[in-house]
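Student: My questions will all concern the structure given below.
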Amino acid sequence: MIPVMLAAALAIGQSHITNGQVDSHQATQSLEREVATATSRGGARWIGYRMKVAAGRRSLECLERTHIALEGATEVSVLARYEGTTITRLRTATPECEIDAGGLPVTWLENVKADDSAAWLASLVNTPNAEVRERLNRVTKPAVVTLGMTEGAAASRALVNIARNHPAPAVRNDGLFWLSQRAGDRLAVGAIAEAIEKDPDTEVRKRAVFALSQLPKDEGIPRLIDVAKNNRNPAVRQQAMFWLGQSGDPRAIKFFEDVLLK
C-alpha cells in the first residue's frame, strides 16, 4: 500500500480520482470494519469503492453532470466523506467520471462484496437521527438510492425493512420506489402491497400505488385494478385509477368501461 499524491487523474479500476492522496487496498474484512479502520486515523477523508449495478436498475450520471453516458453504466463508484468517525456525505458516480477529492486523503477499497455494501448502506439509513434534514439529504436518501442499485437478496431485504419501518415517510417512499425497480423480486412486490394496506401515512400508501405502476405490466396492472376496486381508502383508490389511466393498457381500459357502464 503506497499512498500517491495525484497531480493528474489516477485510474483506480475505472474511477479517476484527482487532487487527493489515495491509499488503495483489497477489502479483507467487512465494509463496516474497513470503514472503522480508516476513520480511526481521525481527520477528514473520503472512503470509496466500486460495485456492480444490479441488472435492470437505474444508474446515475457524473457527480456534477459534466459527462453523461448514453448507455446505462454497469458499475457505480460509491464515495463517503467522513469527519473523524462521522459520515457527512454519501455520493455516487459512474466510473468514467473524474472525481476531485478536494485535497483530502482517499481510502479506496477493492473487491467490496455486494452483501457487505448492502449491510453498510442499510446501517447508514437506519442509524439514529437519519431523518434529520441535513443528514436525510446528504446521507440517508443517497444510501437508499445506492441500495436500490445493489444486486442481491441482502439489498432487497434492506429495502423492505426501510419501506416497512423507517420513521421518516420520505425514506419509506424512496424504499418503495427502489423496490419497484427490482422486477421479479417477490419480496419487493409483497412489501409494496403491504404498504398499500398498512402504512399509517396516506401519502406513503399513494407512493406505494405508484410503485405498483412501475412494475412490469403483467404484474402491476392486475394489482392496480384490485386496489382501485377494493382498497378502503378513497385517496388510494383514486391514485390507482390515475396510474391505470396513464398505463394505456387494454385491461385498464376494460376496467374503466366496466366502471362507466355500471
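The values are calculated or read from the model by the stated rules, or taken from the named source; none is laboratory data. All of these numbers come straight from a predicted model, not from anything done at the bench. Please note: Cβ atoms are built from the backbone with ideal geometry, for glycine as well, and neighbour counts cover all protein chains shown.
Student: Could you say which residue among 30, 59 is assigned by TED's automatic domain parsing to the domain that holds residue 95, modelled with pLDDT under 50 and in contact with a helix residue (DSSP H, G or I) (Cβ under 7 Å, 6 or more places away or on another chain)?
Tutor: Details: 30 fails: modelled with pLDDT under 50.
When all the criteria are applied, what remains is 59.
Student: Within the range 210-223, does at least one residue satisfy the condition of being surrounded by 14 or more Cβ atoms within 10 Å (Cβ to Cβ), more than 20 Å from residue 186 (Cβ to Cβ) and of a type in the set (S, T, N, Q)?
Tutor: Among the residues of the range 210-223, not one is surrounded by 14 or more Cβ atoms within 10 Å (Cβ to Cβ), more than 20 Å from residue 186 (Cβ to Cβ) and of a type in the set (S, T, N, Q), which makes the answer no.
Student: Condition test on residue 171, is it β-branched (Val, Ile, Thr), surrounded by fewer than 21 Cβ atoms within 10 Å (Cβ to Cβ) and in contact (Cβ under 8 Å) with a residue 24 or more places away in the chain? Explain how you work it out, then say what you get.
Tutor: Details: β-branched (Val, Ile, Thr): yes; surrounded by fewer than 21 Cβ atoms within 10 Å (Cβ to Cβ): no; in contact (Cβ under 8 Å) with a residue 24 or more places away in the chain: yes.
The answer is no for residue 171.
Student: Can you find a residue in the range 212-226 that is under 21 Å from residue 163 (Cα atoms) and either touching a strand residue (DSSP E or B) at 6+ places or on another chain (Cβ under 6 Å) or among the small types (Gly, Ala, Ser) (or both)?
Tutor: yes
Student: Got at least one residue in the range 229-239 being under 26 Å from the mean Cα position of the chain (by Cα) and touching a residue at least 24 places away in the same chain (Cβ under 8 Å)?
Tutor: Yes: one or more hits.
Student: For the range 44-56, which positions are within 25 Å of residue 135 (Cα to Cα) and either at pLDDT below 95 or surrounded by 19 or more Cβ atoms within 10 Å (Cβ to Cβ) (or both)?
Tutor: 45, 46, 47, 48, 49, 50, 51, 53
Student: Give me the helices (runs of 4 or more DSSP H) completely within the range 139-208, filtered to those with at least 3 residues that are among the charged types (D, E, K, R), ordered by residue number.
Tutor: Output list reads 186-198.
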